[in-house]
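Right, one structure below, let's go through it.
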């Protein structure tokens, strides 16, 4: 059995030779095919890289073929509509149909198990309303901001040029321009592909790409020059990313083209790894003051930071620093541990960081408890794809949402999960020009626009069905969660919401320990 593939190829090669000698050269093709297979089998026996091929020459390649096409087999022939990860078939279908302008309705009711623990639902009203014609906006800009920005309910989350192709970035930005929503650059730098007419949130990570000194530090003059561009509406400091909190970003060397290397000021063809931490600050107070400096360098444009929540006392220390200095960011983007990435160790993607629900409610509660919430807008990112996702995050404390993988699907991503290989089959997450040329920018930009517009419209319709006048009225008591097979509770019951200033006056028992450990002058580890 082990060597049957090689044995059969030898037999058929010999048979082909015999038939060719007996009946003429018409059988040469058989000799060529099975001769090549025989050569492959001999190579498999001699190579030392793959044990399975040494034990199963020729046949062992079937295992690699099945592994290569497994995602497609899983998606198209095995999954039920509610199966599939990170996104199930129903969610993917909703994104694709909205992007194409198809009315995404279904027959015969839900396929989800509404009695399963963890199932969530929104509470509708007997006084449901018609959704308003006006598209909702969230004003981002605190007391120190001189150029506030009207943020959409759903925006393009951080994805770098490098992780995505130039064609994909261009399509996303032109889609944002058509729909009047924002496009976050990701930490890979501000490039021409981001400047196609859409509003830009320029993100700086630990590598300071786009505003980087020769030794990898922060260049304030270069930052100020680029932040002054009219397309840049907000600037954002990335502290951590949901899919890989605690480590820097990774761009495989195969994706670091000469153009990307110039944009990032790094060597071409070498894996580009951002440091795990920042040079520009080492304490909570220094972080807060650096945010103020960024805002000043950006000419008063809204300035904030993005993080995946980890140690709670550290975020509380940042809040204490804000109170002590009288300085706040204009916005904070909370990234959930379920967020996506093009490349990350599985241990980090699977086991590190707060999920979005817990992280979002922690940040909201901390800001309320320190009396800072009215100065700071909160964005939520992490598996936001549908209108109900938007409304749920509003109920949990967000003011607006960002989507990354859903926007990739609007551009054509089929969830093949080959982003890190540079072999994206649809040209979205690759730097291979032969692959990315398949992405039609004009068509995909329109799909991004349609998807965002339809998803926000669905969120508005849900809010109206809840009897509410708008997004700001959504609260935790209107979102329910199945606790077990019998009981359910609202998020207002599951998570105690703090009163304004409560942490400053009388911290509740659940917060008291972390609050006492929070020091605005150190990110010191917890004392045992």
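Just one of (1) more than 27 Å from residue 325 (Cβ to Cβ); (2) touching a strand residue (DSSP E or B) at 6+ places or on another chain (Cβ under 8 Å); (3) not in a loop (DSSP other than H, G, I, E, B) trips up residue 188, so point out which.
(3)
Pick out the one residue from 462, 498 that is crowded, with 17+ Cβ neighbours inside 10 Å, under 17 Å from residue 390 (Cβ atoms) and either in the same structural domain as residue 315 (by TED's automatic domain parsing) or in contact (Cβ under 8 Å) with a residue 40 or more places away in the chain (or both). Write out each step before concluding.
Details: 498 fails: under 17 Å from residue 390 (Cβ atoms).
Sole residue among the options that is crowded, with 17+ Cβ neighbours inside 10 Å, under 17 Å from residue 390 (Cβ atoms) and either in the same structural domain as residue 315 (by TED's automatic domain parsing) or in contact (Cβ under 8 Å) with a residue 40 or more places away in the chain (or both): 462.
Inspect the range 65-88 for any residue being buried (at least 16 other Cβ atoms within 10 Å of the Cβ), at pLDDT 70 or above, in a helix (DSSP H, G or I) and out of contact with any strand residue (DSSP E or B) (no Cβ under 6 Å at 6 or more places or on another chain) and give the result as yes or no.
no
Only one residue in 296, 314 is more than 19 Å from residue 238 (Cβ to Cβ) and in a helix (DSSP H, G or I). Which one? Break it down into steps so the answer makes sense when it comes.
Values: 314 fails: more than 19 Å from residue 238 (Cβ to Cβ).
When all the criteria are applied, what remains is 296.
Residues to consider are 130, 144; find the one that is more than 25 Å from the chain's Cα centre (by Cα) and in the same structural domain as residue 279 (by TED's automatic domain parsing). Give the derivation first.
Working: 130 fails: in the same structural domain as residue 279 (by TED's automatic domain parsing).
Within the list 130, 144, the selection yields 144.
Which ones in the range 164-185 are in a loop (DSSP other than H, G, I, E, B) and farther than 20 Å from residue 440 by Cβ?
First, pick out the residues of the range 164-185 that are in a loop (DSSP other than H, G, I, E, B): 165, 180-181, 185.
Across the range 164-185, the qualifying residues are 180, 181, 185.
Which of the residues spanning the range 423-438 are surrounded by fewer than 23 Cβ atoms within 10 Å (Cβ to Cβ) and either part of a loop (DSSP other than H, G, I, E, B) or in contact with a helix residue (DSSP H, G or I) (Cβ under 8 Å, 6 or more places away or on another chain) (or both)?
Of the range 423-438, the ones surrounded by fewer than 23 Cβ atoms within 10 Å (Cβ to Cβ) are 423, 425-426, 431-438.
Scanning the range 423-438 gives 423, 425, 426, 431, 432, 436, 437, 438.
Checking residue 415 against (1) at pLDDT below 80; (2) surrounded by fewer than 18 Cβ atoms within 10 Å (Cβ to Cβ); (3) closer than 30 Å to residue 393 by Cα: exactly one of these is not met. Which one?
Answer for residue 415: the failing condition is (2).
Would you say residue 441 is over 19 Å from the mean Cα position of the chain (by Cα) and buried (at least 19 other Cβ atoms within 10 Å of the Cβ)?
Details: over 19 Å from the mean Cα position of the chain (by Cα): yes; buried (at least 19 other Cβ atoms within 10 Å of the Cβ): yes.
Yes: the conditions hold for residue 441.
At least 1 residues that are within 29 Å of residue 145 (Cβ to Cβ) and in contact (Cβ under 8 Å) with a residue 40 or more places away in the chain in each: list the helices (runs of 4 or more DSSP H) lying fully within the range 328-415 that qualify. Write out each step before concluding.
On the way: elements: 346-351, 356-369, 387-395, 405-411.
By residue number, 356-369, 387-395, 405-411.
Residues in the range 258-279 that are surrounded by fewer than 18 Cβ atoms within 10 Å (Cβ to Cβ) and either in contact (Cβ under 8 Å) with a residue 60 or more places away in the chain or outside the structural domain of residue 230 (by TED's automatic domain parsing) (or both): how many?
Applying the first criterion (surrounded by fewer than 18 Cβ atoms within 10 Å (Cβ to Cβ)) to the range 258-279 yields 258-259, 261-262, 267-271, 273, 275-277, 279.
Filter again for either in contact (Cβ under 8 Å) with a residue 60 or more places away in the chain or outside the structural domain of residue 230 (by TED's automatic domain parsing) (or both), leaving 259, 275-277, 279.
Counting residues in the range 258-279 that are surrounded by fewer than 18 Cβ atoms within 10 Å (Cβ to Cβ) and either in contact (Cβ under 8 Å) with a residue 60 or more places away in the chain or outside the structural domain of residue 230 (by TED's automatic domain parsing) (or both) gives 5.
Here are some conditions: (1) at pLDDT 75 or above; (2) touching a helix residue (DSSP H, G or I) at 6+ places or on another chain (Cβ under 8 Å). Residue 39 meets all but one. Which one does it not meet?
Every condition holds for residue 39 apart from (2).
Of (1) under 21 Å from residue 395 (Cβ atoms); (2) in contact (Cβ under 8 Å) with a residue 40 or more places away in the chain, residue 446 satisfies all except one. Which?
(1)
A quick yes/no check of all residues on (1) closer than 23 Å to residue 419 by Cα; (2) outside the structural domain of residue 260 (by TED's automatic domain parsing); (3) buried (at least 24 other Cβ atoms within 10 Å of the Cβ):
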residue	(1), (2), (3)
151	no, no, yes
154	no, no, yes
161	yes, no, yes
172	yes, no, yes
177	no, no, no
188	yes, no, yes
213	no, no, no
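Mind listing just one residue for me: the one in the range 226-261 that is in a loop (DSSP other than H, G, I, E, B) and in contact with a strand residue (DSSP E or B) (Cβ under 7 Å, 6 or more places away or on another chain) and, of those, modelled with the lowest pLDDT? Before the answer, list the steps.
So the first thing to find is which residues in the range 226-261 are in a loop (DSSP other than H, G, I, E, B), and the list is 228-231, 239-249, 252, 256-257.
Now narrow it down to the ones that are in contact with a strand residue (DSSP E or B) (Cβ under 7 Å, 6 or more places away or on another chain): 231, 239-242, 248, 256.
On the way: 231: 97, 239: 95, 240: 91, 241: 84, 242: 76, 248: 79, 256: 83.
Per the stated criteria, the residue is 242.
Give the residue that is modelled with the lowest pLDDT, with candidates limited to residues of the range 316-341 that are buried (at least 23 other Cβ atoms within 10 Å of the Cβ), within 23 Å of the chain's Cα centre (by Cα) and over 15 Å from residue 291 (Cα atoms).
340
Say whether the condition of being assigned by TED's automatic domain parsing to the domain that holds residue 183, over 23 Å from residue 183 (Cα atoms) and in contact with a helix residue (DSSP H, G or I) (Cβ under 8 Å, 6 or more places away or on another chain) is met by at least one residue in the range 239-251. Quick ask: steps written out before the conclusion?
First, the residues of the range 239-251 that are assigned by TED's automatic domain parsing to the domain that holds residue 183: 239-251.
This time we only want the ones that are over 23 Å from residue 183 (Cα atoms), so: 246-247.
Restricting the remaining residues to those that are in contact with a helix residue (DSSP H, G or I) (Cβ under 8 Å, 6 or more places away or on another chain) gives 246-247.
Among the residues of the range 239-251, at least one is assigned by TED's automatic domain parsing to the domain that holds residue 183, over 23 Å from residue 183 (Cα atoms) and in contact with a helix residue (DSSP H, G or I) (Cβ under 8 Å, 6 or more places away or on another chain), which makes the answer yes.
Give the residues of the range 506-527 that are under 30 Å from residue 392 (Cα atoms) and assigned to a helix (DSSP H, G or I), sorted by residue number.
Filtering the range 506-527 for residues under 30 Å from residue 392 (Cα atoms) gives 506-515, 518.
509, 510, 511, 512, 513, 514, 515 - these are the residues of the range 506-527 that are under 30 Å from residue 392 (Cα atoms) and assigned to a helix (DSSP H, G or I).
Give me the pairs, please: first residue somewhere in the range 284-305 and assigned by TED's automatic domain parsing to the domain that holds residue 219 and at positive phi, second residue anywhere and at pLDDT 95 or above and assigned to a helix (DSSP H, G or I), beta-carbon distance under 9 Å, and either six or more positions apart or on two chains.
299/224; 299/227
What is the number of the single condition among (1) within 18 Å of the chain's Cα centre (by Cα); (2) over 24 Å from residue 332 (Cβ atoms); (3) crowded, with 22+ Cβ neighbours inside 10 Å that residue 255 does not meet?
The failed condition is (1).
The values are calculated or read from the model by the stated rules, or taken from the named source; none is laboratory data. Given the structure is predicted, the values throughout are model-derived calculations rather than measurements. With ideal geometry, Cβ positions are generated from the backbone for all residues, glycine too; neighbour counts draw on all protein chains shown.
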